[in-house]
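Asker: Structure below; questions to follow.
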Amino acid sequence: MHRAVAAFLALLVAAPWSAAAQRSTLDFDRAWRFHLGDVPGAEAAGFDDSGWRTLDVPHDWSIEGEFSDTNPAGAHGGALPGGVGWYRKALAVPQADSGRLVFVEFDGVYRNSQVWINGQYLGKRPYGYSSFRYELTPHLRYGRARNVIAVRVDNSQQPNSRWYSGSGIYRHVRLVTTSPVHVDQWGTYVTTPEVSADSARVAIRTTVRNAARADQAITLRTTVYDAAGKEMATASSDGRLAADSVIEIAQDVIVRTPTLWSLERPYLYRAVSRVTCGGRPCDEYTTPFGVRTFGFDVDRGFTLNGQRLKILGVCLHHDLGALGAAVNTRALERQLQIMKQMGVNGLRTSHNPPAPELLDLTDRMGFIVLDEAFDMWKKGKTKYDYHLDWDEWHVRDLSDLVRRDRNHPSVIMWSIGNEVPEQWNNDTSGITIARELAGIVRALDPTRPITAADNNTDPSNPLFRSGALDLVGLNYHHQAWADFPKNFPGQKFLATETTSALNTRGYYDQPSDSVAAYGGRRTTRGPAPNENYRISSYDHRRAAWGSLHEESWREIKQYDFLSGMFIWTGFDYLGEPTPYGWPARSSYFGIVDLAGFPKDPYYMYQSEWTERPMVHVFPHWNWTPRDTIDVWAYTNGDEVELFLNGASLGVRRKQGDVFHLVWRVAYAPGTLRAVARKGGQVTATEEVKTAGPPVRVALGADRSTLRADRADLSFVTVQVLDRAGVAVPTADQLVRLRVSGDARIVGVDNGDEISHASFKADRVRLFYGKALVIVQAGERAGTATLTAEGEGLEPATSRIVLHAGRPSR
């Protein structure tokens, strides 16, 4: 027997899978065998995969490839390769579990996945964003016998996406073992139909399956616990399941003086469902949930727990920059933390079902989520996209999304589609499909409103005429928002996608009052796009269909009936490099760049959406003498006074609907200092200094303590400093990297939209003074050290502690 396989079998035999366990859930991410390319016969249990690469999933093979304009995904798909890949994994199942059921659960495989166990075909799943599972039980061998799961992933037909999709088993995998009598997959549905300060009625619907050949008497006892683990309420129901059948059991409990889930205090309860069969435990299933009320009003907009609240949201694609599509909980958490610091309270999962971990985070961190199902329906947007699978799969995919996500308190709305072609040209199929999809959602979850993101804002849009939508979701056309009550009388409104402003971090065109709108490869108004593929970081560049950041926010802020907005986009993402094509390979839309460094408009939102005193002054202060530079400042104070080398350049007051303050300054090297005041008192200051020649490398880790779990990450910023310790904002040095200890570099990036350097390298070039290194923990406790060196520069080191406990945050 191959040594690695033998060791792995021993590990699984020792795993907690005993027959006494009611339900076991085993992390199934580690030690898969992978081969890039199609291999006839690789589904067979006896196939020799000893020469294949060993890796952990989640895994994205596309992000490991080379950028090229010949890759069939094209620049809009990220200019990275697709293809066919195979994954195989061995497992052993203890003999004691021969009377139990075993399932393999995939959170997402992109795309066209096919799965086998011991050469037996289990099925396929074309949609790369759906979660799914297969039962393995009928085909398993027990004891020391070797079982093999094989997965073929086919992402060869491209383009199949309008953005970067990634390829492979890019989300988590689990092995779940249950009794024949058990709570079904996504088998609980928890709602809170009556909520007051004194009590909350919690309605619980539990689907229990009996896969045995005999009838079974059962008792379902459901207990609600608070966040501290205190029992709050219990319900018990007796029933009898016929052989090979499913029943739904309805239970109601009362939670006294409930703590409401809110953005400020995202409080979670747990409903624990315990099934007993003839007095012995059969299954235990836990469902986190929140208690909250919400609503949309024609005049007042959105309310949460009775309080008016403007939804301040962003759209996010699913890639994680240098990590590609491979899901990592810490990387998702970092994105949400960066958004939270900007003042964001909402998230749209553009344009597909998200990773389950994202919704776990939004539940715990306090975000409002618009959960979106599809980017297209029966009519396609690219040659090989989901429209080819629509007829066979859309009912299953939408149903699974709702069942999976309907217990998340952060999920407030469902979107059944984004800018679908059926909304145009009076296409009556749009009416039929919208009604069908809305019917599927309401049958599974009547508690949340349904919308669709429409860029045809005419009231004659078939989707609007269908009557299927609870919220009119409009993309762009901000000039028409004020007329919404007249054009859509009695309807509730949500700006499902806004803005599409364009920026490159650290790059500035003068003068800043020269506005330009770009469409495709050509300009539609104002200056042409730069031949260097950079777009100015002042808020004065946008896509032809969009608006500047200040323009959209001005409208949303003004009108109460505008429930909120979802900006395109929170982060840059791979693919869709509007207004360019190749050699650009990532977007310019983000408020934060691909590496996670905020662009300047980030601080405009922070000045409007947060209360902690702040001021942000820009651009950098390394220019050529006699240049005239527009200096902008954002603040949540009343005014800002600007100083250059100690001399005041005047005070600018924040008033009306202008959200930035401007000084036109003759450049002289030295120090710009912005002083913000409110009520005459200084509330915040910020300085920008002229940097001299670079002298040394500097590293700044977001966290210096990690879990030794082979997944936790430290995001390390790389800069170069002058002799006085000032960061050089125009630096473009190449920095070489190495790690000692049980850790490794899993990604490098710098936010440059046209960089074709590998994300999986041991070196990175600074882009406008910054770069990023992502370090992943191994599994041994100890210390890891990252070293960064650049030619002619003093090196830098960053020490990272790895331990078995939770990391310091």
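Asker: Just one of (i) 15, 47, 32, 6, 0; (ii) 13, 37, 28, 16, 6, 0; (iii) 14, 39, 33, 13, 2, 0 is P(r) over Cα pairs in 20 Å bins from 0, in percent as worked out from the coordinates here. Which one is it?
Answerer: Comparing each candidate, only (i) matches the computed number.
Asker: Tell me the net charge near Glu753. Cut-off is 9 Å between Cβ atoms, Glu753 excluded, with +1 for each Lys or Arg and -1 for each Asp or Glu.
Answerer: My count for the surroundings of Glu753 gives -1.
Asker: Whole number in Å², please: accessible area per residue of the range 263-335, 1.4 Å probe, ligands, DNA and RNA not counted.
Answerer: 36 Å²
Asker: Right, something else. Where a Cα-Cα gap under 17 Å defines reach, which aspartates and glutamates qualify for Lys492, not counting those fewer than 8 residues away within the same chain?
Answerer: Answer for Lys492, where 17 Å is the Cα cut-off: Asp297, Asp299, Asp454, Asp458, Asp470, Asp483, Glu555, Asp560, listed by chain and number.
Asker: Using the C-alpha gyration tensor of the range 572-673, what are the square roots of 5 times its eigenvalues, in whole angstrom, with the largest one first?
Answerer: Over the Cα atoms of the range 572-673, the semi-axes work out to 28, 20, 11 Å.
Asker: Given the protein chains as shown and a 1.4 Å probe, how many square angstrom of Phe34 are accessible, to the nearest 10?
Answerer: Result for Phe34: roughly 10 Å² accessible.
Asker: Quick check on the range 227-310: what are the equivalent-ellipsoid semi-axes from the Cα gyration tensor, as sqrt(5λ), descending, whole Å?
Answerer: For the range 227-310, the semi-axes come out at 35, 16, 10 Å.
Asker: I would also like to ask the following. How far apart, in nm, are the 7 Å Cα→Cβ label points at Val515 and Ser740?
Answerer: 5.6 nm
Asker: With viscosity set to 0.890 mPa s and temperature to 25 °C, compute the Stokes-Einstein D of the range 298-420, Rh being the Kirkwood radius across alpha carbon pairs; µm²/s, no decimals.
Answerer: Answer from the Stokes-Einstein relation: 157 µm²/s.
Asker: In addition: Ordering Glu576, Glu43, Glu531 by accessible area with a probe of 1.4 Å, largest first, what comes out?
Answerer: Solvent-accessible surface, decreasing: Glu531, Glu43, Glu576.
Asker: Looking at the calculated P(r) for the range 340-476, what percent of the C-alpha pair distances fall above 25 Å?
Answerer: The share of Cα pairs beyond 25 Å in the range 340-476 comes to 24 percent.
Asker: When only the heavy atoms of the protein chains count and the probe is 1.4 Å, how do Ser196, Ser113 rank by accessible area, highest first?
Answerer: These residues rank, largest area first, as Ser196, Ser113.
Asker: For the range 97-150, compute Rg over Rh where Rg is the Cα radius of gyration and Rh is the Kirkwood radius from the inverse mean 1/r over Cα pairs.
Answerer: Radius of gyration relative to Kirkwood radius: 1.01.
Asker: Another question, then. Using the Karplus equation 6.51 cos²θ - 1.76 cosθ + 1.60 (θ = phi - 60°), what ³J(HN,Hα) coupling, rounded to whole Hz, does each residue of the range 255-264 give in order, writing x for Gly and Pro?
Answerer: Karplus-based 3J(HN,Hα) across the range 255-264 equals 9, 7, 6, x, 8, 7, 6, 9, 5, 7 Hz.
Asker: Something else: Setting aside same-chain residues fewer than 8 positions from Lys230, which lysines have a Cα under 20 Å from its Cα?
Answerer: Within the straight-line limit of under 20 Å, Lys230 reaches no lysines at all.
Asker: Can you pull the one-decimal nm distance between simple spin-label points at Arg723 and Glu105, each 7 Å off the Cα toward Cβ?
Answerer: If labels sit at Arg723 and Glu105, their model points lie 6.1 nm apart.
Asker: Now for a different question. Using a Förster distance of 45 Å, how high is the FRET efficiency between Arg221 and Arg396, based on the Cβ-Cβ distance and rounded to 0.05?
Answerer: That pair, Arg221 with Arg396, gives E of 0.90.
Asker: Do me a favour and compute the ellipsoid semi-axes for the range 173-262 from its Cα gyration tensor, root of five times each eigenvalue, largest one first, whole Å.
Answerer: 29, 15, 11
Asker: Still on this structure, I have one more. Which entries in Lys379/Lys557; Lys89/Lys378; Lys689/Lys770; Lys124/Lys379; Lys486/Lys654; Lys379/Lys486 show an alpha-carbon gap greater than 24 Å?
Answerer: Flagged as over cut-off: Lys379/Lys557; Lys89/Lys378; Lys486/Lys654; Lys379/Lys486.
Asker: If the rule is a partner Cβ under 4.7 Å, which cysteines in the chain fail it?
Answerer: That list is Cys315.
Asker: With labels modelled as points extended 7 Å from the Cα through the Cβ direction, what inter-label distance (nm, one decimal) is found for Arg710 paired with Lys124?
Answerer: If labels sit at Arg710 and Lys124, their model points lie 3.1 nm apart.
Asker: Kindly provide the helix-only [θ] at 222 nm of the chain, computed as the sum of -39,500 (n - 2.57) over DSSP H runs of four or more divided by all residues, to the nearest 500 deg cm²/dmol?
Answerer: Calculated mean residue ellipticity at 222 nm is -3500 deg cm²/dmol.
Asker: Let me understand the range 665-809 better: what is its radius of gyration from the alpha carbons, and its Dmax, in angstrom?
Answerer: Both quantities, over Cα of the range 665-809: 17.9, 56 Å.
Asker: With all protein chains present, calculate the accessible area of Val275 using a 1.4 Å probe and round the result to the nearest 10 Å².
Answerer: Using a 1.4 Å probe on the heavy atoms, I get roughly 0 Å².
Asker: Here's another thing I want to ask about it. With r defined as the distance between the Cβ atoms of Val695 and Glu611 and R0 fixed at 41 Å, what FRET efficiency is calculated, to the nearest 0.05?
Answerer: Efficiency computed from Cβ-Cβ geometry: 0.60.
Asker: Using R₀ = 41 Å, calculate the FRET efficiency as 1/(1 + (r/R₀)^6) where r is the Cβ-Cβ separation of Ser236 and Arg465; round to 0.05.
Answerer: Computed FRET efficiency for Ser236 and Arg465: 0.25.
Asker: Send over a whole-number figure in Å² for the accessible area per residue of the range 455-603, probe 1.4 Å.
Answerer: Dividing the accessible area of the range 455-603 by its residue count gives 30 Å².
Asker: The range 355-434 to the range 546-615: how many Å between their Cα centroids?
Answerer: For the range 355-434 versus the range 546-615, the Cα centre distance is 23 Å.
Asker: Still on this structure, I have one more. For the range 64-170, take every pair of Cα atoms, bin their distances at 10 Å starting from 0, and report each bin as a whole percent.
Answerer: So the P(r) values, bin by bin, are 15, 39, 25, 14, 6, 1.
Asker: Select from Leu502, Ala480, Leu401 the residue farthest towards the positive end of the dipole of the range 396-535; place +1 on Cβ of Lys and Arg, -1 on Cβ of Asp and Glu, and compute about the Cα centre.
Answerer: Leu401
Asker: Can you send over the carbon and sulfur percentage of the accessible area for the range 269-337, probe radius 1.4 Å, protein chains only?
Answerer: C and S fraction of accessible area: 46 percent.
Asker: Continuing with this model, one more query. Tell me the Rg and the Dmax, in Å, that the Cα atoms of the range 440-511 produce.
Answerer: For the range 440-511, the Cα-based Rg and Dmax read 16.3, 56 Å.
Asker: Can you order the peptides 215-227, 245-257, 74-86 by their average number of other Cβ atoms within 10 Å per residue, highest first?
Answerer: The peptides rank, most packed first, as 74-86, 215-227, 245-257.
Asker: Next up: Compute the length gained on full extension between Asp198 and Thr329: take 0.36 nm times their separation in residues and subtract their Cα-Cα distance, giving the result in nm to one decimal.
Answerer: 43.6 nm
Asker: Measure off, as a whole percent, the carbon and sulfur share of the 1.4 Å-probe accessible area of the range 510-619, all protein chains present.
Answerer: About 46 percent, which is the carbon plus sulfur part of the accessible surface.
Asker: Choose one of Tyr518, Ile556, Thr610: the residue whose Cα lies farthest towards the positive end of the charge dipole of the range 509-631 (beta-carbon charges +1 Lys, Arg; -1 Asp, Glu; about the Cα centre).
Answerer: Of Tyr518, Ile556, Thr610, it is Tyr518.
Asker: Could you size up the charge dipole of the chain around its Cα centre, putting +1 on the beta carbon of Lys and Arg and -1 on that of Asp and Glu, and report it in debye to the nearest 20?
Answerer: Value, rounded to 20: 1420 debye.
The values are calculated or read from the model by the stated rules, or taken from the named source; none is laboratory data. Keep in mind that what you see is a predicted model, and the values were worked out from it rather than measured. Because the Cβ atoms are built from the backbone with ideal geometry, glycine has one as well, and the counts that use them run over all protein chains shown. Just so you know, the surface numbers come from the protein's heavy atoms only, side chains and all, with ligands and any DNA or RNA stripped out. Shrake-Rupley method; radii C 1.70, N 1.55, O 1.52, S 1.80 Å.
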